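The structure appears below as structure tokens.
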Amino acid sequence: MAATNNSSLGRVIQELCRLPGIGARSAERIAMHLLEADNREVMELAEAIGNLKKSVRHCSICFNLAQGEICSICAEANRDRSIICVVELPKDVMRIEATGAYKGLYHVLGGHIAPLDGVGPDKLNIDALLGRARELGIKEVIIATNPTVEGDGTALHISSLLEGAGVKITRLARGLASGAVIEYASKDTIAEAITGRQPLL
Ligand SMILES: [Zn+2]
């Protein structure tokens, strides 16, 4: 590849390389594709990326990604509003939604407790969850943090805070291998883990 870092092409390759899962060769392939694609297609992509940060924010109820004040799931009329599924990140919501096995609400923590990385419980959206769990009509909180050391620790911490809130607390079934992350689990595995969820307390 003859492109230097300060040519337009080199610049695009450099930026693409910073994306997750894109190595140098893929970045080159994508950049060459864009160079040869028609103008409209490339401008549409650039515009969509430009608008991403402007229009996407966090839902004021569940902290999922949202276009407006609340996300599409919180706004959906026919969700089961008696169950809240607690996940680490918005991408976990997308994975669980893709299974079609769950019709309740969500709560996105924004990560997991990781003291070694300086992430204490105060850095996560836990207070908002405690408030929601105490709302009238909430019957169950499913803790769907990843089955990793940090995810399990976070689940335990949250369940101890929810004790006495008068809700059933469950954890995803162990169909998900220990150490696995929801993001990479198959749809079937996630669906089974939801259906077979176990009481945590
Ligand atoms: Zn929401």
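Looking only at region 132-148, residues that are modelled with pLDDT of 95 or more and open to solvent by 30 Å² or more (accessible area, probe 1.4 Å) come to 1 in all. The residue that is farthest from residue 126 (Cα to Cα), counting only those in region 38-69 that are more than 10 Å from the ligand (Cβ to nearest atom) and charged (D, E, K, R), is 38.
Within the set 158, 143, the sole residue that is touching a residue at least 40 places away in the same chain (Cβ under 8 Å) and more than 17 Å from residue 93 (Cα to Cα) turns out to be 158.
Within the set 72, 82, the sole residue that is more than 13 Å from the ligand (Cβ to nearest atom), out of contact with any Leu (no Cβ under 7 Å at 6 or more places or on another chain) and polar (S, T, N, Q) turns out to be 82. Residues that are within 16 Å of the ligand (Cβ to nearest atom) and surrounded by fewer than 19 Cβ atoms within 10 Å (Cβ to Cβ) within region 105-126 comprise 110, 125, listed in sequence order. In region 86-93, the count of residues that are within 13 Å of the ligand (Cβ to nearest atom) and over 18 Å from residue 187 (Cβ atoms) is one or more.
The values are calculated or read from the model by the stated rules, or taken from the named source; none is laboratory data. Everything numeric here is computed off the predicted structure, so don't read it as measured data. So basically every Cβ, Gly included, is an ideal-geometry build from the backbone, and we count neighbours across all protein chains shown. For the accessible areas, the whole protein counts, side chains as well, though only heavy atoms, and no ligand, DNA or RNA atoms are used. Shrake-Rupley method; radii C 1.70, N 1.55, O 1.52, S 1.80 Å.
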